[in-house]
Each structure stands twice: as C-alpha cells, then as structure tokens.
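The block underneath contains the structure these notes are about, expressed in structure tokens.
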Amino acid sequence: MGEADGEEGPDVAINPRQYVAIARQPATGSFRTGQAMVEFLVAMVALMVVVAALLQSSSLGRAHTDAMLRARMEVGRRAQQAVVSMEESRFIRDWTPGNDNRRYTRDDQPDSGMAIGFQEFVVNPTVPDLADWAILESLPDQTLPALRGASNPSRHFDLIKATESETITLLPAVQHLLYRSSTVTLEAEAWMPLLENLY
C-alpha cells in the first residue's frame, strides 16, 4: 500500500555529499558555448587585422610606385635641359636612432660625415696600393683623379635629382590596430645624369 493509505514508504539513505557534488558540477554546455564565442571573436579580429594589412600594403605599394613614376618623369625632363643641377652630396658617417630607438628606420637622423673620410675609407681602399693612383694621374684624362679628391662627387657626374611625394589615407582598421595616424606620406627620389652632352 502507498502513502495515501497512511503507510510509510521504504527508507532511503541520502548522502549529503551528493548534493555538494551536484552543486559544484559546472554547466559544461554553456561554458563550452561561451568559450567558443570568445575564440571565434579573437579569430575574427586576427583575420580582420591580416586582411586590413594586406589591403593597406597594396595601396602603399601602388602609391609609392606612382610617386616614383612622377619623380622619374620629372628628372628625365630636367636631364634634357642644359642646366647642371646644383645638388650637393651629403656624406653620411652613421645614423642616430629616432624616437622608436630602432636603427635604420624612417625617423633616424643622419650623422654628417666629411669628404676626407669618404676618400680615406671608401675611395682609397679600392686600390691595392695608394701608389697606384699615380698611374691614373699620369693619364691625359684627369676625370678619375679629379673625382677622387672632389668634395662634391655628384657634380662630376652632372647628376640631377627629382623628388615626389604621395599622401594616402589609412584604413580605419589600420589606424586603430596597427598605426596611430590617419595618413602616411611616401616619398620617392630619382637621379639621372645630364643628357645634354651624353651622346
């Protein structure tokens, strides 16, 4: 007979530790779902950074190419004129790192050198013995000996320079995640000898 007839049911032993174990058991389903969502968001951010970097690199390369083409056209136009460029050679002894404390980056500043250092450490070592320069000095054409001791070698080559720049706007993702600036200015420099008396 059941409890409705006034009879008590069989005694069941309840272990209190079972309740503790059940209370401490995590909700594995919801936990795994939340972890999957976090991993998905991290993967999406990483993918967005990669895509933005690829697109921005493409636009930077195209802008630099355009600036270089314009510089090449301008230096070609100047090279056909009879006016010799007055561009001065700049001797660079070394580079001082800029604000990023990294050598040979955009914000580095050149340490000026001297023509005597260029002659001593760059030009003179091109011959086995300094006495070999006497052979060149004995030739009727004194172009090379004059070039050796020149304080401005670029004038002996009649080099002409043209510079062009291109400013582009960075993608929003690149601005916020990779580079804290809205624009980047690219510079291109082209050199060419004077063509007036070349042929």
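No lab work stands behind these numbers, since they all come straight from the coordinates. What you see is a predicted model, and the numbers here were worked out from it, not measured in a lab. Don't worry about glycine lacking a Cβ; one is built from the backbone with ideal geometry, like all the others, and counts go over all protein chains shown.
For Asn99 and Leu41, compute 0.36 nm times the residue count separating them, minus their Cα-Cα distance, and round to one decimal in nm.
That pair, Asn99 and Leu41, stretches by 17.5 nm at full extension.
Trypsin sites (Lys or Arg not before Pro), restricted to region 91-139: which are DSSP loop and have at most 10 other Cβ atoms within 10 Å?
Arg106
Calculate, in nm to one decimal, what Leu55 and Gln142 gain on full extension: separation in residues at 0.36 nm each, minus their alpha carbon distance.
Working: separation 87, 0.36 × 87 = 31.32 nm, distance 5.31 nm.
Length gained between Leu55 and Gln142: 26.0 nm.
At 7 Å along Cα-to-Cβ for each site, give me the label-to-label distance between Ser182 and Asp111 in nm.
Reported label-point gap for Ser182 and Asp111 is 3.9 nm.
Quick one: if the Förster radius is 35 Å, what FRET efficiency do Lys161 and Ile135 give, using the C-beta to C-beta distance and rounding to 0.05?
Using R0 = 35 Å, I get an efficiency of 0.60.
I need the calculated FRET efficiency for the pair Glu189 and Gln119, taking r as the beta carbon distance and R₀ as 35 Å, to the nearest 0.05.
About 0.90, to the nearest 0.05.
Determine ³J(HN,Hα), in whole Hz, for all residues of region 32-39 in sequence, where each value follows from phi through the Karplus function 6.51 cos²θ - 1.76 cosθ + 1.60 and θ = phi - 60°; x replaces Gly and Pro.
Values per residue, Gly and Pro as x: 5, 5, x, 5, 5, 5, 5, 4 Hz.
Tell me the chymotrypsin sites (Phe, Trp or Tyr not before Pro) within region 66-152 that lie in a loop according to DSSP and have at most 15 other beta-carbon atoms within 10 Å.
Listed in order of number, the matching sites are Tyr104.
What's the long-distance tail for region 87-157, i.e. % of Cα pairs beyond 15 Å? Display every interim value, and only then the final one.
Values: 1586 of 2485 pairs.
Considering region 87-157, 64 percent of its Cα-Cα pairs are separated by more than 15 Å.
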